[in-house]
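Below: the structure, in structure tokens.
No lab work stands behind these numbers, since they all come straight from the coordinates. Just so we're clear, the structure is a prediction, and the values are computed from it rather than from any experiment. Methodologically, a virtual Cβ is constructed for each residue, glycine included, from the backbone with ideal geometry; neighbour enumeration extends over all protein chains shown.
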Amino acid sequence: MHFTSDRRVDDLIERDFLLGDVPGILWTPASASAAAPTPLILLGHPGGLRPMYPRLLARARHSAEQGFATATIELPGSGDRTPSAAAERARADLRTAIRAGERPTEQVVEALILPLVDEAVPEWQALLDELVSLPEIDGPVGYSGGVIAVGIRLALVEPRVVAAGLFAGSFVPRSMFDEARRVSIPLHVLLQWDDEGNDRQLALDLFDAFGSKEKSLHANMGGHRGVPQHAGEDAGSFFARHLR
């Protein structure tokens, strides 16, 4: 990991970096040090690091208020990363089905999501390897938001992630439900009840499938972009319980 910038943003230290050729951002509270290291939350997002920056910064600020460092990386095929022709075809098929008022076929969902998960999760793990070696960052580690299928896989295979806040706002292949059944860490799942691009019943079925003994579903009225402010506060309380 190579840091490319270092700047102060209010009470945060914000550092851009490259993990190989994958861009990312690390935010640490200004108070974090080797003598007082902070837990870490990985910030998932749907892709497009720069367009998402204002929302990511807001999440980082909220986490820093609770004493947590946060970090994120660009998803495969998004932003300035090389696009995948197969993913673009699957995404076009997905949009066509949604515009027609139809549910995308399982083949389309798998073609879009499974390659993304297979590539993205090892990158998150490589990022963790780098971040936990920094003197100002310590465990435990949480994962928050982003593509829910990525969160499922990461929660299953990465033992350093001890709690996850997941947003049921993206499609999950049915073939991943077996992975969900084997997830055992505490989960905080957010669902927008009227999410125009999400299959509500699939989201409910997925929540039921999770094997975690501690899991909570927080459903709010409104569409994909209508997440109420208190939803972030609830997620913050969840991480405060499990990362402190």
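Values computed for the structure shown
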quantity	calculated
For LYS215, residues with placed amide H under 5 Å, excluding near neighbours	LEU187
Loop-resident sites, segment 121-191, for GluC sites (Glu not before Pro), counting at most 16 other Cβ within 10 Å (DSSP)	none
Equivalent ellipsoid semi-axes, the chain, via Cα gyration tensor eigenvalues times 5, rooted, Å	28, 20, 17
Cα gyration tensor shape for segment 103-244, rounded if a/c is under 1.5, else prolate or oblate	oblate
Between segment 137-152 and segment 1-62, the alpha-carbon center distance in angstrom	14 Å
Unit charges on C-beta of K, R, D, E only; dipole of segment 81-206, Debye	280 debye
³J(HN,Hα) computed for each position of segment 184-193 - Karplus, 6.51 cos²θ - 1.76 cosθ + 1.60, integer Hz, glycine/proline x	10, 7, x, 10, 10, 10, 9, 10, 8, 4
For segment 21-148, Kirkwood radius (reciprocal of mean inverse C-alpha pair distance, Å)	16.0 Å
For the chain, with +1 on Lys and Arg beta carbons and -1 on Asp and Glu, the positive-most of PRO54, ALA35, LEU127 along the dipole	PRO54
Likely footprinting exposure, ARG89, ARG61, fewest C-beta neighbours within 10 Å first	ARG89, ARG61
Simple label model, 7 Å out from Cα along Cβ direction - SER31 to ASP16, nm	2.9 nm
Within the chain: Cβ-based charge dipole about Cα centre, in debye rounded to nearest 20 (Lys, Arg +1; Asp, Glu -1)	320 debye
